[in-house]
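Peer 1: Structure below; questions to follow.
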Amino acid sequence: TNQEYNPNAKYLKYRRKNVREIFQSAERFGFRNETVHHAVAIYDKFLQIEDCIDRLRSEYESCKGVISEQICTFIASVALFMSAKYLEIKYPVVEDYVSSCSAHLHLMSSYRWRETYLRYLNGIYSF
C-alpha cells in the first residue's frame, strides 16, 4: 500500500520522543545508523496507516485500555528490534531488549504484544 503523509496522524505528537528513544537504544546496543533509519521508516510506515492505533485497540484484547503514547513507544521499540534482527550481525534477544527499554515498555514483556504487532504488521506491510 502507498500511504501519504498525514499531518493529523495521532502518533506525530509522540514521534520526536520515540525517535530519540530509538536512537538512544540503538546507541546502547552499538547498532549502525542504517539500522536506526530502517527502524524509523518502519515506525513511520506502520503508524501512518489510517486509524492504526484505534484499530489496534479494537482488534486486539491486549491493546484495550492502553494509551496512545504507550502504543507508539512500543511500536518504536519493536521497529528497532525488527531492524536489528535483519540488519545487525549481533542483535539482542527480546528479554535483553525489554530490560534496556524505558519503564513504560513493560507491555513489551508480553509475547502476546509482540505477536499482535507482527500479525498486524504482516497484514499490511510486506517485506
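Peer 1: Sort out which residues of the stretch 43-82 are without any contact (Cβ under 8 Å) to a residue 24 or more places away in the chain and among the polar types (S, T, N, Q), and write them in order of number.
Peer 2: Selection gives SER58 alone.
Peer 1: Only one of LEU56, LEU80, LEU47 is under 23 Å from LYS13 (Cα atoms), at pLDDT below 85 and buried (at least 17 other Cβ atoms within 10 Å of the Cβ); which?
Peer 2: LEU56 is the lone residue from the list that is under 23 Å from LYS13 (Cα atoms), at pLDDT below 85 and buried (at least 17 other Cβ atoms within 10 Å of the Cβ).
Peer 1: Against the conditions (1) surrounded by 12 or more Cβ atoms within 10 Å (Cβ to Cβ); (2) assigned to a helix (DSSP H, G or I), where does ARG16 fall short? Just the number, please.
Peer 2: All conditions pass for ARG16, except number (1).
Residues are listed down the side, and each one gets a yes or a no for (1) of a type in the set (Ser, Thr, Tyr); (2) at pLDDT 85 or above; (3) open to solvent by 10 Å² or more (accessible area, probe 1.4 Å); (4) more than 24 Å from PRO7 (Cβ to Cβ):
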{"position": "HIS37", "(1), (2), (3), (4)": "no, yes, yes, no"}
{"position": "CYS63", "(1), (2), (3), (4)": "no, no, no, yes"}
{"position": "THR73", "(1), (2), (3), (4)": "yes, yes, no, no"}
{"position": "ALA84", "(1), (2), (3), (4)": "no, yes, no, yes"}
{"position": "VAL93", "(1), (2), (3), (4)": "no, no, yes, yes"}
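Peer 1: Does SER110 satisfy being open to solvent by less than 80 Å² (accessible area, probe 1.4 Å) and modelled with pLDDT of 70 or more?
Peer 2: No: the conditions fail for SER110.
Peer 1: For the stretch 4-11, does any single residue satisfy the condition of being loosely packed, with under 12 Cβ neighbours inside 10 Å, modelled with pLDDT under 95 and in a helix (DSSP H, G or I)?
Peer 2: Our first condition is that a residue be loosely packed, with under 12 Cβ neighbours inside 10 Å; within the stretch 4-11, this holds for 4-5, 7-8.
Among the residues that remain, those that are also modelled with pLDDT under 95 are: 4-5, 7-8.
This time we only want the ones that are in a helix (DSSP H, G or I), so: none.
No: zero hits.
Peer 1: Can we say SER100 is at pLDDT below 85 and within 16 Å of the chain's Cα centre (by Cα)?
Peer 2: The answer is yes for SER100.
The values are calculated or read from the model by the stated rules, or taken from the named source; none is laboratory data. Here the structure is a predicted model, which is why all the values come from computation and not from measurement. Heads up, the Cβs are rebuilt from the backbone with ideal geometry, glycines too, and the neighbour counts pull from every protein chain shown. Areas reflect the complete protein model, heavy atoms only, side chains present, ligands, DNA and RNA absent. Shrake-Rupley method; radii C 1.70, N 1.55, O 1.52, S 1.80 Å.
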